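Following: one structure in structure tokens, then a few remarks.
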Amino acid sequence: MNKYLNLIFAVTTVSLTGCAQMVPAQATKLNTGNYMIQTTSNIFGSNQAMEDKVNKKAELVCEGKGFSEVGNNLQTHSQTIYMSQVVTTGSFKVLNKTIKCN
């Protein structure tokens with residue numbers, strides 16, 4: 001019985017982890033007048049798809065006037081996940097891009 005519960009939990013976790021790839025990019029205005037655009041993805045998301053998502057958000061923020069990139073930072077993070085007597089590791093990626101609107 002416990003094996004079946006672990007299997008159901010694992011399948012649910014993997015299914016929900018795939019949703020992290022669909023999180024839209026977020027924009028934050030910085031004190032300098034620039035914008036920080038950030039998106040996250042599960043480990044299976046491509047770097048190019050993340051870059052495209054951030055660039056699309058940047059065009060929206062700059063109202064189609066174009067932008068120049070001030071900084072770009074792609075990081076991969078791992079975290080330990082504890083679930084009913086099983087310890088595993090989950091990974092995700094974060095892309096931060098600082099832009100200046102034209």
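Taking segment 73-100 as the search range and keeping residues that are hydroxyl-bearing (S, T, Y) and touching a residue at least 24 places away in the same chain (Cβ under 8 Å), which one is surrounded by the most Cβ atoms within 10 Å (Cβ to Cβ)? By that ranking, first place goes to T98. Residues that are over 20 Å from N34 (Cα atoms), part of a strand (DSSP E or B) and more than 20 Å from the chain's Cα centre (by Cα) within segment 47-87 comprise Y82, M83, V86, V87, listed in sequence order.
Just a yes or no: is a residue in segment 57-72 loosely packed, with under 13 Cβ neighbours inside 10 Å, modelled with pLDDT of 85 or more, out of contact with any strand residue (DSSP E or B) (no Cβ under 9 Å at 6 or more places or on another chain) and not hydrophobic (A, V, I, L, M, F, W, C)? For segment 57-72, residues loosely packed, with under 13 Cβ neighbours inside 10 Å, modelled with pLDDT of 85 or more, out of contact with any strand residue (DSSP E or B) (no Cβ under 9 Å at 6 or more places or on another chain) and not hydrophobic (A, V, I, L, M, F, W, C): present. For segment 47-80, filtered to residues that are touching a helix residue (DSSP H, G or I) at 6+ places or on another chain (Cβ under 9 Å) and small (G, A, S), the residue that is nearest to V94 (Cα to Cα) is A49. Restricting attention to segment 27-46 and to residues that are within 10 Å of the chain's Cα centre (by Cα) and of a type outside the set (V, I, T), the residue that is modelled with the highest pLDDT turns out to be Q38. Selection of segment 81-102 for residues being in contact with a helix residue (DSSP H, G or I) (Cβ under 7 Å, 6 or more places away or on another chain) and of a type in the set (F, W, Y) yields only F92.
The values are calculated or read from the model by the stated rules, or taken from the named source; none is laboratory data. Model, not experiment: these values are computed from the prediction. FYI the Cβ positions are ideal-geometry reconstructions off the backbone, even for glycines, and counts take in every protein chain you see.
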